[in-house]
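In what follows, a single structure is set out as structure tokens and then discussed.
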Amino acid sequence: MPIWPPHQAPAGGRPTRPRRRRIARVLAIWTAELQDDTEQLQERLSGLAEQMTTGVEEMHEGIAEASDKGKPTLRRILATHEAVLDAVRQAQGAG
């Protein structure tokens, strides 16, 4: 269940304040709705993490292609994305 339509998904970089607020609002709603159903909440959170990971991976691919052209800023962004992906994967493995 996406928390925003695909055409409104974050387009890279840091999420904007409205997007961060939307994520926080969705998490608060899910937590309130599912306070007695931790299994369902965990499934939703896993789905959200998967969506976010997929988005980062897609951005990562585009940045990797562009960084092949020798742009140092893109190389730094790529390194950041790799670190984010590693952290998300570690968090998913711990959950």
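Things worth noting here:
- Taken over the range 80-95, the residue count meeting the criterion of being surrounded by 12 or more Cβ atoms within 10 Å (Cβ to Cβ) and more than 22 Å from residue 42 (Cα to Cα) is 3.
- Looking across the range 59-95, the residues that are more than 30 Å from residue 39 (Cα to Cα) and either touching a Lys or Arg at 6+ places or on another chain (Cβ under 6 Å) or among the polar types (S, T, N, Q) (or both) come down to 67, 73, 80.
- Scanning the range 58-79 for residues that are open to solvent by 60 Å² or more (accessible area, probe 1.4 Å) and in a helix (DSSP H, G or I) yields 58, 61, 65, 72, 73, 75, 76, 77.
- On the stretch given as the range 24-44, residues that are open to solvent by 60 Å² or more (accessible area, probe 1.4 Å) and not in a helix (DSSP H, G or I) total 3.
- Within the range 36-91, the set of residues being modelled with pLDDT under 80 and among the basic types (Lys, Arg) comprises 69, 71, 75, 76, 89.
- Pairs, first at pLDDT below 90 in the range 24-35, second surrounded by 15 or more Cβ atoms within 10 Å (Cβ to Cβ) and outside any helix (DSSP H, G or I), C-beta under 7 Å, six or more apart: 26/3
The values are calculated or read from the model by the stated rules, or taken from the named source; none is laboratory data. Please read all numbers here as calculations on a predicted model, not as lab measurements. Heads up, the Cβs are rebuilt from the backbone with ideal geometry, glycines too, and the neighbour counts pull from every protein chain shown. Accessible surface areas use protein heavy atoms only, side chains included; no ligands, DNA or RNA. Shrake-Rupley method; radii C 1.70, N 1.55, O 1.52, S 1.80 Å.
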